[in-house]
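Quick notes on the structure that follows.
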Amino acid sequence: MKDLATALSAANAAVFTELGLDPKHADVRRSDRPDLGEFQANGALAVAKAAGKKPQEVAQSVAAGWNATDLAETPTIAGPGFLNFKVTPDALAKRAQFVADDAQAGASAVETKRRVVVDYGGPNVAKGMHVGHLRASIIGESVKRIYRFRGDEVWGDAHFGDWGFQMGLVITALEDELGGFDDRAKLDARLKTLTLEQLEAIYPAYAAKVKDGDVDVRDRARKATAALQGGNPLHREIWRAMHDVSMAAQKRDFASLGVNFDLWLGESDADPLIADMVKDLEAKGLLEEDQGARIVRVAGPGEKKKKKLDDGSVVEVESPDPLLVVSSEGSAMYGTTDLATIVQRVRDQKPDMILYVVDQRQGDHFEQVYRAAAKANYIAREKLEHVGFGTMNGADGKPFKTRAGGVLKLQDLIGQAEEKARERLKENEIGADFSEEEFEDVAHKVAIAAIKFADLSNFRGTSYVFDLDRFMSFEGKTGPYLLYQAVRIKSILRKADEQGVTPGPIAIAHESERALALALDAFDGALRTAYDKKAPHFLAEHAYALAQAFSSFYTHCPILPSEGAVRASRLALAAAALKQLTLTLDLLGIDVPERM
Ligand code: ARG
């Protein structure tokens, strides 16, 4: 069954056609002014010109053509020719009943199934996961779930950063620490005791050296990177040890965040394809020599930007910049592994679409990669999409840092959120009678709900300020508020069950029953928009609107104290609300506890 806006659109289109008006302008949408009408159509304005009439007149003839139907009352006219619709209680009850009975809670599936790879998370080996990867993980996980739920075949891929210069840097640091790699026994012993904490300390120290102009370290690290990529067995062995230590820690982090991948691949997994890919690019005449490096130009004719040189003068250069495929040391770069990964995905997943859920500041990089991929005929440009997002900022408006100025580790962030969740639960006198295990489980779920919902309630392109106190509030537009509402419905349903009360056919009488049924109907529209725009934010909005509609329904329409058919109908509405809210939260990656 289609949602009410779709049904109204179809009925309105029939009226348009009847009147000789172009039905493509007959769309009926949810109104942004529900006080004037629940649904509205603006198309009379668009078709008036072609019909040579005033919009008001057109609207009047449409309204007259509608009469009253089972679906809606005769529309009213507002302003210059807007049509406002009010659906009938019967149509609403039918739709709510459908949602109540439907395993997908009223959601529609995609018409044409696609094969979709979602590239998200993207942590770097030897760097640990920090909050920079938090948004990529949260948004990517939700996008993956939304696509899968609507029927696409979806692969989430972590695309670990494990093949670049940073690997050479850490190998160089280890070489200094051990005074060279000649003593095998010493090296083996060191690799056995390697921890992520050590890698996390080594990496920034050596990255800082290079940044401060230590040419010796830079050159050795470049050589080490080239040796690793060239297949030097010693370098591969050291790399493997670092990789495994990082990967194990990151798997733990992802698990505690409720993020899971189908493919735990990384840049390094594309390495075996690089040599052939370079040959192929060469054969296609796409590779150019550029100061010892090899590049693919991706700018079209006339695509230029102004660039300021070191001496202050301004020149025009091609834009986007060329993609650097082989460095002057012969190494693969960030863009090289991304391009080879496209070749790999085309071979293995045969995707209709690859979504890259990555910080929007990497937009230029992806534009280069996508254009190069299209030029080389690996995949069509329109099958590649960068799903960019803004930053999570500190109170100073800059990307979030710890008080000490460092990047906050994901585990520490989750730990802080759990601590706050415990406090809030205690303040709200929740969980005094729980076992310690259950209390901890609830605190964890509240913490993750707070972090994820705070993120997803913003449109992904918008940056937001990290404010744990606000995220963790039990009131307002927060994750904990939504969990609390869901758990409240669970407890009502449990009580009903104990009293032997069962749900029955849904009827819509009271205004707040009406509002709740309208909220239930809106799920599919929100889901489709979230899908089309790759923006879970629309589902976050829906979750909040639904929770509020339930809350107001529950205030005005007592369930268990009422009787007979009314009680059975209200109970069915409550159960439908719980099912849809739980499902919506799940699509956001948020788990609801049994009680709290
Ligand atoms: N590792 C990268 C970073 O930390 C993110 C990877 C994003 N995905 C990709 N295919 N490039 O910035």
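The values are calculated or read from the model by the stated rules, or taken from the named source; none is laboratory data. Just so you know, these numbers come straight off a predicted model, no measurement behind them. Neighbour counts run over all protein chains shown; Cβ positions are idealised from the backbone, glycine included. Just so you know, the surface numbers come from the protein's heavy atoms only, side chains and all, with ligands and any DNA or RNA stripped out. Shrake-Rupley method; radii C 1.70, N 1.55, O 1.52, S 1.80 Å.
In the chain, helices alone account for a calculated mean residue ellipticity at 222 nm of -17500 deg cm²/dmol, with every DSSP H run of four or more residues adding -39,500 (n - 2.57).
For the pair LEU234 and SER313, label points projected 7 Å from Cα toward Cβ lie 4.7 nm apart.
Around the Cα centre of the range 212-255, unit charges on the Cβ atoms of Lys, Arg, Asp and Glu (plus for the first two, minus for the last two) sum to a dipole of about 220 debye.
For the range 438-596, the average shadow cast by the Cα convex hull is 9.5 nm², which is a quarter of the hull's surface.
Relative contact order of the range 154-238, taken over Cα pairs closer than 8 Å and 6 or more residues apart, is 47 percent.
Working note: Karplus 6.51/-1.76/1.60 with θ = phi - 60° gives the range 270-280 the couplings 8, 3, x, 8, 5, 4, 5, 5, 4, 4, 5 Hz, where Gly and Pro are set to x. Taking 0.36 nm per residue of sequence separation and removing the Cα-Cα distance, the ALA565/ASP216 pair yields an extension gain of 117.4 nm.
Fully extending the segment from ASP348 to THR112 would add 82.9 nm, taking 0.36 nm per residue of separation and subtracting the current Cα-Cα distance. Ordering VAL387, TYR370, VAL358 by Cα displacement along the dipole of the range 354-396 toward the positive end leaves TYR370 in first place; charges were set at the Cβ atoms of Lys, Arg (+1) and Asp, Glu (-1).
Over the C-alpha atoms of the range 443-499, the Rg to Rh ratio, Rh being the Kirkwood estimate, stands at 1.13. Other residues whose C-beta falls under 15 angstrom from the C-beta of LEU178 contribute a net charge of -2, scoring Lys and Arg +1 and Asp and Glu -1. 3J(HN,Hα) along the range 322-337: x, 8, 7, 9, 10, 6, 5, 7, x, 8, 7, 10, 3, x, 5, 5 Hz, from the Karplus curve 6.51 cos²θ - 1.76 cosθ + 1.60 with θ = phi - 60°, whole Hz, x for Gly and Pro.
Seen from all directions on average, the chain presents a Cα convex hull projection of 34.0 nm².
Note on ALA395 and ASP433: the model spin-label points, each 7 Å out from Cα along the C-beta direction, lie 4.0 nm apart. Inverting the pair-averaged 1/r between distinct Cα atoms of the range 343-430 gives 16.7 Å as its Kirkwood hydrodynamic radius. Mean separation of Cα pairs under 8 Å and 6+ residues apart, divided by the residue count of the chain: what relative contact order is that in percent? 15 percent.
Note on the range 241-392: dipole from Cβ charges, positive end direction compared against LEU281, PRO301, TRP264; the farthest Cα belongs to PRO301. Loop-located GluC sites (Glu not before Pro) in the range 481-521 (DSSP state not H, G, I, E or B) with no more than 10 neighbouring Cβ atoms inside 10 Å do not occur.
Taking all protein chains together, TRP264, TRP155 sort by accessible area into TRP264, TRP155, largest first [probe 1.4 Å].
Computed with every protein chain present, the accessible area of HIS556 is close to 110 Å² [probe 1.4 Å]. Maximal additional length on extending the LYS305-GLU511 stretch stands at 68.4 nm, based on 0.36 nm per residue less the C-alpha distance. The peptide list 272-280, 443-451, put in order of mean Cβ contacts within 10 Å with the highest first, becomes 443-451, 272-280.
Each eigenvalue of the Cα gyration tensor of the range 511-596, multiplied by 5 and square-rooted, gives one semi-axis; in descending order these are 26, 14, 10 Å. Entry note: the range 223-294 has Rg to Rh equal to 1.11, where both radii use alpha-carbon atoms and Rh is the Kirkwood radius. For the peptides 288-295, 250-257, the ranking by mean Cβ contacts within 10 Å, running from highest to lowest, is 250-257, 288-295. Label the range 153-284 by shape, choosing from rounded, prolate and oblate, from the square roots a ≥ b ≥ c of the eigenvalues of the Cα gyration tensor; if a/c is under 1.5 it is rounded, and otherwise prolate applies when a/b is larger than b/c, oblate when it is not. It is oblate, given that a/c is not under 1.5 and a/b is not larger than b/c. For LEU410, the solvent-accessible surface computed with a 1.4 Å probe is close to 0 Å², ligands and nucleic acids excluded. Rounded to the nearest 20 debye, the dipole size of the chain about its Cα centre is 1140 debye, using +1 on the Cβ of Lys and Arg and -1 on the Cβ of Asp and Glu.
Rounded to 0.05, the FRET efficiency of the ARG381 and THR6 pair, given R0 = 35 Å and the Cβ-Cβ distance, is 0.65.
The convex hull drawn around the Cα atoms of the range 88-222, when projected onto a plane and averaged over every direction, covers 13.8 nm². Let me make sure I get this right: for the range 319-379, a, b and c are the square roots of the gyration tensor eigenvalues over alpha carbons, sorted descending. Under 1.5 in a/c it's rounded, otherwise prolate if a/b > b/c, else oblate. Which is it? In terms of gyration-tensor shape, oblate.
Annotation: per residue accessible area for the chain equals 45 Å², rounded to a whole number [probe 1.4 Å, protein chains only]. Counting protein heavy atoms only, the range 404-494 has 46 percent of its accessible area on carbon and sulfur, 1.4 angstrom probe.
Toward the positive end of the charge dipole of the chain, about the Cα centre and with charges on Cβ (Lys, Arg +1; Asp, Glu -1), which of GLY397, ALA526, VAL325 goes farthest? So the residue furthest toward the plus end is ALA526.
For the residue pairs LYS144/LYS495; LYS2/LYS534; LYS144/LYS398, the alpha carbons lie more than 32 Å apart in LYS144/LYS495.
Overall, the anisotropy analysis places the range 299-456 in the prolate class: the square-rooted eigenvalues a ≥ b ≥ c of its C-alpha gyration tensor yield a/c not less than 1.5, with a/b exceeding b/c. If you wrap the tightest convex hull around every Cα atom of the range 257-389 and split its volume per residue, you get 150 Å³.
In the assembled protein chains, GLU427 presents an accessible area of approximately 120 Å² (probe radius 1.4 Å). Put a plus charge on the Cβ of each Lys and Arg, a minus charge on the Cβ of each Asp and Glu, and nothing anywhere else: the dipole of the range 195-304 about its Cα centre is then about 140 debye.
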